[in-house]
Each structure stands twice: as structure tokens, then as C-alpha cells.
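A.B. asks: Have a look at the structure that comes next, please.
The values are calculated or read from the model by the stated rules, or taken from the named source; none is laboratory data. Note that the structure is a prediction, hence the values are computed from the model and not measured. Cβ atoms come from the backbone with ideal geometry, glycine included; neighbour counts cover every protein chain shown.
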């Protein structure tokens, strides 16, 4: 028993040591197998990235503003006289010219009053004729003292009174004739007429106060666009005015005298295809909002622009100059820092901090950090890092 107790543990110990050696050997073999060779690392392909060359272009510094269009002229059409609406003379939404007939108010009552007024003019003229003849006889009779001086004076006064009566009758007839004319309602401007707000046969209340609005006419050729600007932009704008005007700035009566261009963009458009000019700048800053208004005017020859549209305005703040441009999508952001990845002559990635300027379409102005013809990464920015070897492929234009 004593011999077995001694031999068995020793045998087990030897088996345990052999097993451990086998496991260690297998582990070493596995590690050796997983370790890549230097040849394999060198043969790994470089990351393919899309690049574009930085270019030089002529640009203009500008500010972009959100604004709203408004009609050059807008008139509410009201009747000056009351009466039943006899006729509508236009199709809703059509273009009309200044002086075109829009509505007719029933004129019969006003024509009757005019006829009565004209008759009163005739009566007054007849009485004036009689008074003048009587006074003419009085002039002869007074010389022979056939009539008294008092009668002569009365006949002379009768002529003056008759003349005044004629003038009053004529004035009344002219006023009534205006009422007749007002039964024909014409467009005071050229533009596009809105729908009629009242159908034929309805009663129209006339007068300047509380009169019935029948429709509106809007002139949108040209059309205007108004935008609010903060104090910083307003200061830039004022400095630009001084640059454009030079010594004559203080003598410029109107903003449009300075010929500052202003371009407009609709929400579904690329670029700013509508060219115009600034024609107004508010003369003070609103103390509550800290903003002021500027306004541009645009020819709108094709009639695409309508009053009330939201638009973007672009106002240049410098003369054209040459600048370095890169695709806007090449610019990355690290907190407040802007950067680009540049592929150097060894096809390695360099990260460069850049100072950016205005956007010009799909391009961005680079004030510092990139040179002309530098290759900047425009696709796969998330796949590269500084010092990395890459396979650059030029982007298709």
C-alpha cells in the first residue's frame, strides 16, 4: 500500500507535465500561423479615394438673404357710386391694360339725374339771356333818364346773378356727369386682374370709405423683393455703397443711383438666374428687431415671379477677384475647425486646416490652406486618415 501510494501520484504528475507541454506547443504553433509575414503586409492594396483638383476662379463676395416678393403696384378696385352691378367685362385672372373696362354699374338713375342737371343749365342760360337783354335796354334808357338809377342797378345785378346761376348749374351737371362716368369702372394700372368678388346683379356700395371691393389688379412687371438684414450685413452693405459711389456717396439721392446688382433665386432653382438692382434701403434700424429692410427690383419679363413668393436674394459685397475653389463636399468639420484631406506627391494623405469663404454653386472659396492644383479628397473622407497611402482617382466632371 505504501508503494502504490507513492508510485501512482508520480505517474499522474508525469502525465500532467506531458499534457501541458503538448498544449503549449500547440498554442505556439497557432500563434506562429496567425502572425502575417512582412511580404503579406506590403502586398495589401492602397485605399482608393476620389479626388478633385483645386482650381482658380473669378468670384465675388456676397451675402444671401431670405425675402418675399411684392407687386410693383397693387390696386383694390372699388366703385365710387352705389348701384346694381350690371356687367363684368373681364375673365378672372386675365391681363388688363390701364383704362380697360372692368365693371359697369347700372347707369339709368345717374343718367336721369344728369339729364335733369343739363335741363337746369338750359333754364339758367335762358334766364341769363333775358337778364342780359334787359340790362342792355337799361343802358339806353338810363341815358335819357327813362328809368331810375335804382332800376338800372337791379337789372345789372340780375345779370350777375343769372351768370352765377348758370355757373352753379354747370358745376352740378359736371358733378352728376362724373357719377355717370363712375358707373364704368376701369383699371387704373396695367397688370393681372384677380377674380371678381361680386357677381352681376348684386348691389354695390360706393364711396371712398366702406365701399365694396370688387377685385384687385396687380402689376408684377417689374416685381420687387424685400428682405430684412441684421446690423452686420447692413454695415457691409453701407460700406459697399461707399465703394461703389466713391466721393459721390453723400450726394446720391437714391439707392438705385448706385447701380448695385441683386440676384434672385426661387426655391426650386439652382443658382440665382433672375438679375435685378437694389432700389431701396430703409433709412434706420428697427430698435426692437435690430434689422432693416432692403429691396430689389427685377424685370420679370416672363412673368414667373408672383407677389408673395419666398425667395433668396444675393447681393455682391465686393468686386470680382481670383480665388482658390474646391468642391464644397471636400470640406470636413472638426468642431469649429474646417479641414480638407489632400493627397500629396507620394499618394499619402495630409490633413490641412482651411479658412473658407463664400459658396459658389457646388464650390467653396478657400482663403488659406490649399493651393491651386492640390488634389483634395471628395469622396470616402471617412475611410482615410493622415499619413495613409491611397490610390487617388480623379472625379468625373
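A.B. asks: Return a yes/no flag: does segment 149-157 have any residue that is farther than 30 Å from residue 301 by Cα and either exposed (fewer than 12 other Cβ atoms within 10 Å of the Cβ) or within 39 Å of the chain's Cα centre (by Cα) (or both).
C.D. replies: Within segment 149-157 (the criterion being farther than 30 Å from residue 301 by Cα and either exposed (fewer than 12 other Cβ atoms within 10 Å of the Cβ) or within 39 Å of the chain's Cα centre (by Cα) (or both)), the answer is yes, since at least one residue qualifies.
A.B. asks: Residue by residue through segment 373-384, note down the ones that are exposed (fewer than 12 other Cβ atoms within 10 Å of the Cβ) and either in a loop (DSSP other than H, G, I, E, B) or touching a residue at least 12 places away in the same chain (Cβ under 8 Å) (or both).
C.D. replies: Selection gives 373 alone.
A.B. asks: Check segment 312-321 and report whether any residue there is over 20 Å from residue 66 (Cα atoms) and in a strand (DSSP E or B).
C.D. replies: Taking every residue of segment 312-321 in turn, at least one turns out to be over 20 Å from residue 66 (Cα atoms) and in a strand (DSSP E or B).
A.B. asks: Here is a list of conditions, (1) modelled with pLDDT of 95 or more; (2) outside any loop (DSSP other than H, G, I, E, B); (3) surrounded by fewer than 13 Cβ atoms within 10 Å (Cβ to Cβ), and residue 136 meets all of them except one; can you say which number that is?
C.D. replies: For residue 136, the exception is condition (1).
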